[in-house]
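The structure under discussion appears below in the form of structure tokens.
The values are calculated or read from the model by the stated rules, or taken from the named source; none is laboratory data. Please read all numbers here as calculations on a predicted model, not as lab measurements. All Cβ positions, even for glycine, are placed from backbone atoms using ideal geometry, and neighbour counts span all protein chains on display.
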Amino acid sequence: MPKANFSRHGMPSQDAAERIKNFGEVALGYSEEMAVEEANRCLQCKNKPCVDGCPVNVRIPEFIKAMREGDFPEAARIMKSTNMLPAICGRVCPQETQCEEKCVYFKRGASVAIGRLERWIADWELDRGVELPQLSELSGKKVAVVGSGPSSLTAAGELARMGHQVTIFEALHRPGGVLTYGIPPFRLPRTVSGAEIANLQKLGVDIVYNFVVGKTATVDEMLADGYDAVFLGTGAGLPQFVGVPGENLAGVYSANEFLTRVNLMKAYAFPEYDTPVKVGDRVAVVGAGNVAMDSARCALRLGAKEVSIVYRRSRTEMPARAEEAEHAEEEGVRFLLLTAPTKMIGNDKGAVCAMECQQMQLGEPDASGRRRPLPMPGSEFTLEADTVVVAIGTSPNPLVPRSTPGLEVSRHGTVVVDPATGATTKKGVWAGGDLVTGAATVISAMGAGRRAAASIDKYLKGEE
């Protein structure tokens, strides 16, 4: 067993003063030498606690062992035996609260950098040509996958590997779901997500675009049209708003609209792509999750001179990954904590020009387990803003559930499933990802897609 080594390798990155001028990837990745040195820190624990912390149960000690022995192809094969999208996960998964939190080094604050090693080996393989897995014998069964986000891509890849004919039906004109319209290229380059999706297509997965299930065709019509099973992975794309006066003013965006314009419609490449997003000099982003950080950092890159995160709780309760908040601060984003908006203020042209806010104090914990923010009387103030982005969460679009009789939904609009299998209350239909959980992480959605694929495979074989 290796000796304990508490010296974790940092991640090289673009300098903050330079990266706010471009949408290039911030984290630059390890060199081969750094990756192997970091791999050598792993103690190869016999009980493998890190694997238990991974929603898709990546065989972490095994792929790391292959890395430090210099067998990079084997490391890639081991990793991809349970994770179809490793280059994506290595960039956007919250490893620090999942696999790395289970690492025995965690209490010393120096967990093995599992996510960075996953990214390195995935990129190594992408650069040299991906070895596709061997497919099972064709089953003759057809599966429709609705949506092309992380849960759907994972389910589709797993089912194709199992020998089933898979078709993805995507409402937009590009695949990837939140990977494409939500996460900016400085966190997830389109070349990386595009390559991962292209590899799924090489497995035989077909993708049909501009197909809105519930409008173009219903789930029942798809089942009647020869599909033996349907997986629903339409995500949680319905934005939520604060509910204060003035949210209908021009210049007030939901984070969904703002990030879709920037990412999917490529406003970041204006004027090469004709999708301008004029943010003005001052931008306020309401919320403090990863989506809020993405919105704030995009606004800086679009030319805003002052960007503020407005969050009603303290730093301790912020849901964003620590790394994303730190990157935002390095880039100059201001954090107005214990602050909540009470009104959007417009000018004589009907556009937002300021936001009235109130300072808060924390009371007793609420249903979320976090301390409830309470307004402080007489603490109101005005924050000037040319653009406001509301990033306080999303919920599932009700179109598919409403057009699918027999599909049970919760009072929050999420689809009810068996948590072990992803099976819905409608025979032949499974669901996973944010459509089931509400807005959550990419890796948890992938885990749901993998569980559902295993259940669908048994169903198609008559075993379930």
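Of everything listed in (1) at positive phi; (2) outside the structural domain of P245 (by TED's automatic domain parsing); (3) free of Cβ contacts under 8 Å to residues at least 24 places away in the same chain, the single unmet condition for P419 is (1).
Kindly indicate the residue of region 117-143 that is among the small types (G, A, S) and over 28 Å from V230 (Cα atoms) and also modelled with the lowest pLDDT among those meeting that condition. Ranking the qualifying residues of region 117-143, first place goes to G129. A single member of V389, V442 is in contact with a Phe, Trp or Tyr (Cβ under 8 Å, 6 or more places away or on another chain) and closer than 30 Å to V307 by Cβ, and it is V389. Output the qualifying pairs, or none if there are none: Cβ atoms under 6 angstrom, residues six or more apart or on different chains, first residue in region 186-204 and among the acidic types (D, E), second residue assigned to a loop (DSSP other than H, G, I, E, B). These pairs meet every condition: E196/L85. Of E96, E74, all but one fail to be at pLDDT 95 or above and either acidic (D, E) or within 22 Å of L460 (Cα to Cα) (or both); the exception is E74. A single member of L407, L362 is in contact with a Pro (Cβ under 9 Å, 6 or more places away or on another chain) and not assigned by TED's automatic domain parsing to the domain that holds M318, and it is L407. Of all the listed residues (T387, T424, T382, T342), the sole one being in contact with a strand residue (DSSP E or B) (Cβ under 9 Å, 6 or more places away or on another chain) and within 30 Å of L232 (Cβ to Cβ) is T424.
All of (1) touching a residue at least 60 places away in the same chain (Cβ under 8 Å); (2) in contact with a Phe, Trp or Tyr (Cβ under 8 Å, 6 or more places away or on another chain) hold for A16 with one exception: (2). For region 420-461, a residue qualifies if it is under 21 Å from V58 (Cα atoms) and assigned to a loop (DSSP other than H, G, I, E, B), and the qualifying residues are A420, T421, G422, G432, G433, A440, T441. For region 361-377, state whether one or more residues are surrounded by fewer than 16 Cβ atoms within 10 Å (Cβ to Cβ), acidic (D, E) and more than 31 Å from the chain's Cα centre (by Cα). Taking every residue of region 361-377 in turn, none turns out to be surrounded by fewer than 16 Cβ atoms within 10 Å (Cβ to Cβ), acidic (D, E) and more than 31 Å from the chain's Cα centre (by Cα).
Within region 184-217, the set of residues being crowded, with 16+ Cβ neighbours inside 10 Å and of a type in the set (F, W, Y) comprises F186, F211. Scanning region 407-455 for residues that are closer than 28 Å to V51 by Cα, more than 19 Å from the chain's Cα centre (by Cα) and hydroxyl-bearing (S, T, Y) gives T421, T424, S455. Residue under question is S314, and the condition is that it be in contact with a His (Cβ under 8 Å, 6 or more places away or on another chain) and crowded, with 16+ Cβ neighbours inside 10 Å; does it hold? Here the answer is no, as S314 does not meet what is asked. Of all the listed residues (T424, T394, T382), the sole one being of a type in the set (S, T, N, Q), modelled with pLDDT of 95 or more and touching a Leu at 6+ places or on another chain (Cβ under 8 Å) is T424. The set of residues in region 6-39 that are out of contact with any Leu (no Cβ under 9 Å at 6 or more places or on another chain), surrounded by 14 or more Cβ atoms within 10 Å (Cβ to Cβ) and either under 19 Å from A325 (Cβ atoms) or not aliphatic (A, V, I, L, M) (or both) comprises R8, H9, A16, R19, F23, V26, A27, G29, E37.
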